[in-house]
1. Could you work out the helix-only [θ] at 222 nm for the chain, with each DSSP H run of four or more residues adding -39,500 (n - 2.57) and the total divided by the number of residues, to the nearest 500 deg cm²/dmol?
2. From the alpha carbon gyration tensor of the chain, can you work out the equivalent ellipsoid semi-axes (sqrt of 5 times each eigenvalue) and give them in Å, largest to smallest?
3. For residue 4, which sequence-distant residues (separation of 5 or more, or a different chain) have an amide H within less than 5 Å of its own amide H, given hydrogens modelled in the peptide plane?
4. Can you compute 3J(HN,Hα) from phi for each residue in region 98-107, using the Karplus curve 6.51 cos²θ - 1.76 cosθ + 1.60 with θ = phi - 60°, rounded to whole Hz and x for Gly and Pro?
5. Can you compute the modelled spin-label distance between residue 77 and residue 272, with each label point 7 Å from Cα toward Cβ, in nm?
6. Please list, in order, the residues from region 128-171 whose amide nitrogen is less than 13 Å from a point placed 7 Å along the Cα→Cβ vector of residue 194.
7. Report, to the nearest whole %, how much of the accessible area of region 111-302 belongs to carbon and sulfur atoms, 1.4 Å probe, protein only.
8. So which GluC sites (Glu not before Pro) in region 258-350 end up in coil per DSSP with only 11 or fewer other C-beta atoms within 10 Å?
Amino acid sequence: MTLHKILVFDSKSYDEKTLKLALKALNGQDKLRFTFLESKLTEETVDEVQGYDGVCVFVNDVVNTHVLDAIHKKSDTIKIVALRSAGFNHVDLETAEKYNIKVCRVPRYSPYAVAEHSVALLLSLNRNMHHAFFRTKQHNFSLDGLVGIDLFGKTVGIIGTGGIGMCAINIFLGFGCKVLAYDVFPNEKAAKEKGYVYTTMDELLRQSDIVSIYAPLLDSTYHLINKEALDKMKQGAMLINTSRGGLVDAKALVECLKSGKLRGAALDVYENEKEYFFNDYSQQVMEDDTLARLISMPNTIVTSHQAFLTEEALKNIAETTVQNLLDFFDGKPLNENNEVKAPPKTEQKK
Ligand code: NAD
């Protein structure tokens, strides 16, 4: 039996643990061998792929044309890029296809994990948990500056009503919020059954007290929330983004927050996050002024792309990744939702 060697980039202790458990659970130990690397896949680290049959990457690994060209030159044995993510905006699919490198992903591992994190961010931001936590740690029991708003009865604007957006809608309806939604493919049946309303993007921005984004990053959605969109938002609204950093123009958001227009913003993703997220830079001076500014604001919460990070999601990611690899090396067709192909020319992933 051939043992296929897979190099796992951007690997953390929880990836190693869950992938090894999944390999055992799916009886794949004689077919796949994982090597775990902490470093991300980049043009600088691509030499490491020599001698492997596949690479396994996460959201901030670089799988652009240059890296795929280099992979092809260094190691023509690499036949598959297994993404441990649903999003594939970081992969140049056309170049992968050119080199006959299959790309697979984990399309749905836990929409609940991401939706719940976005709600956690909103609740923390609104009720100033990020300040309260540090105050009581220092035996400061004052309440000045901690006033929030009731979410009950408020209007929440959901941009993107796919897997994660729909989970978020359920939660906000449970809070007693009015939910407005915008999607390029509205699900009117769900809207009728659940009791939320589709509207235009402009109306959603104008009417919502909270705007939360659950759309993919595409050329057409890059900087979906830009200065013009922020200008349309209600005075005192809150913005939540747990989807992809590139959906929000971070510089425009900084200006908007400085002007006092928004009550606050909570972000799990940031457009230049790959320079920082997932690693400890606490001993270094931050060079990214926009990220530094966002983090420094009292009415902004930034988490480092952790919305997916639940035990259930990690288990699903690991098991689907191992199953994708086993199917591929067994010559079986991949689950059609798990295989990623280059989109038609008109709608390229950003
Ligand atoms: P999905 O494909 O199930 O749903 C996305 C929805 O967005 C679809 O209904 C689609 O029609 C809609 N959409 C597409 N273009 C749009 C536009 N221009 N305006 C409004 N809606 C549009 O995706 P999902 O699994 O729900 O993921 C949502 C987002 O969450 C993605 O950006 C994904 O990358 C991100 N995500 C983040 C994390 C994290 O840890 N922070 C984890 C998983 C997924």
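1. That calculation yields -10500 deg cm²/dmol at 222 nm.
2. Values: eigenvalues 273, 102, 77 Å².
Three semi-axes, in Å: 37, 23, 20.
3. 32, 33
4. 4, 8, 6, 9, 6, 10, 10, 9, 10, x
5. Here the modelled spin labels are 3.9 nm apart.
6. 156-171
7. C and S atoms contribute 54 percent here.
8. Counting only loop positions with at most 11 other Cβ atoms within 10 Å, the GluC sites (Glu not before Pro) in region 258-350 are 287, 336, 347.
The values are calculated or read from the model by the stated rules, or taken from the named source; none is laboratory data. Everything numeric in this text was worked out from a predicted model, so none of it was measured. Ideal geometry is used to build each Cβ from the backbone, glycine not excepted, and the neighbour counts take in all protein chains shown. Each accessible area value is taken on the protein alone, full model and side chains, heavy atoms only, with ligands, DNA and RNA left out. Shrake-Rupley method; radii C 1.70, N 1.55, O 1.52, S 1.80 Å.
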